[in-house]
């Protein structure tokens, strides 16, 4: 994250998803972001407490917003009730503690296998490593 507080200490931060977070600064000012939600709704209706309720209660909040639409060069206004805050991230797997996450497709077994193979390589002598390098060069045609 970039320094959005210009050096002011952060008292509390609630990050629900990418581009959906609230930062409560030590000087009691608040920075709120929610992609896809009208700025006036974020500024006037949604509070830092709403972000906390959404995260710890694992629920979605809906808010109504007025928008302008255009079809066939005709502009009209409409009221839209859409999900404004949601803790459910479609690109991350959330652990049981509700805090730590892993990317979808992350395989812990593969990581453990790679660590074991690396530990085996670290135990090899220089001569064994040179033999492996020669075999690999022969296989790849180098």
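The values are calculated or read from the model by the stated rules, or taken from the named source; none is laboratory data. It should be emphasised that the depicted structure is a prediction, and the values quoted were computed from it without experimental measurement. FYI the Cβ positions are ideal-geometry reconstructions off the backbone, even for glycines, and counts take in every protein chain you see.
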Restricted to the range 105-116, and to residues that are assigned to a loop (DSSP other than H, G, I, E, B) and exposed (fewer than 10 other Cβ atoms within 10 Å of the Cβ), which residue is modelled with the lowest pLDDT?
107
Considering residues that are at pLDDT below 80 and not in a helix (DSSP H, G or I), the number found within the range 119-142 is 3
Examine the range 32-43 for a residue that is part of a loop (DSSP other than H, G, I, E, B) and loosely packed, with under 12 Cβ neighbours inside 10 Å, and state whether such a residue exists.
yes
When every residue in the range 87-104 that is in contact with a helix residue (DSSP H, G or I) (Cβ under 9 Å, 6 or more places away or on another chain) and modelled with pLDDT under 80 is compared, the one nearest to residue 133 (Cα to Cα) is 102
Go through (1) at pLDDT 80 or above; (2) at positive phi; (3) surrounded by 10 or more Cβ atoms within 10 Å (Cβ to Cβ) for residue 84 and report which single condition fails.
(2)
Flag for residue 81 being in contact (Cβ under 8 Å) with a residue 12 or more places away in the chain, over 26 Å from residue 14 (Cβ atoms) and either over 23 Å from the mean Cα position of the chain (by Cα) or in a loop (DSSP other than H, G, I, E, B) (or both)
no
Out of (1) at negative phi; (2) loosely packed, with under 11 Cβ neighbours inside 10 Å, what's the single condition that is false for residue 73?
(1)
Is there any pair linking a residue in the range 1-21 that is on the phi > 0 side of the Ramachandran plot to one that is part of a strand (DSSP E or B), with Cβ under 7 Å and at least six apart or on different chains, and which?
19/33
Check on residue 63, loosely packed, with under 11 Cβ neighbours inside 10 Å, modelled with pLDDT of 80 or more and part of a strand (DSSP E or B)
no
In the range 84-104, the residues that are touching a residue at least 40 places away in the same chain (Cβ under 8 Å), assigned to a strand (DSSP E or B) and within 11 Å of the chain's Cα centre (by Cα):
none
